[in-house]
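Derivation of every value follows stated rules applied to the coordinates shown; laboratory data play no part. In this text, all values refer to a predicted model and were calculated from it rather than measured experimentally. Cβ atoms come from the backbone with ideal geometry, glycine included; neighbour counts cover every protein chain shown.
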Amino acid sequence: MQTVTISKKEYQELIEKKLRYEYLHQIIEDDIFSPPPTKDTKEIIYAFKKTGLYNQKFIDSLEKGLKHSSYFK
């Protein structure tokens, strides 16, 4: 067995990257590609507006995108 010596800073960076990878792996294991619970674009837009997190420009862009989506037709 060989020994490798790295600095504490490099070790901490490797640990952080490992933890990020594991977190991302857990998220991906969940079914992130499942279809949305509704195909009603008005309901989706309403839900986004209700959060108060998104400006009107984003909401308009989302609505336009949903109208062009073959999934929601």
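Considering the conditions (1) under 17 Å from the mean Cα position of the chain (by Cα); (2) in a helix (DSSP H, G or I); (3) aromatic (Phe, Trp, Tyr), Tyr11 is excluded by exactly one of them, (1). For the range 1-34, a tally of residues being within 30 Å of Lys67 (Cα to Cα) and either exposed (fewer than 10 other Cβ atoms within 10 Å of the Cβ) or of a type outside the set (A, V, I, L, M, F, W, C) (or both) returns 7. Count of the range 35-69 residues, restricted to those that are in a loop (DSSP other than H, G, I, E, B) and surrounded by 10 or more Cβ atoms within 10 Å (Cβ to Cβ), is 6.
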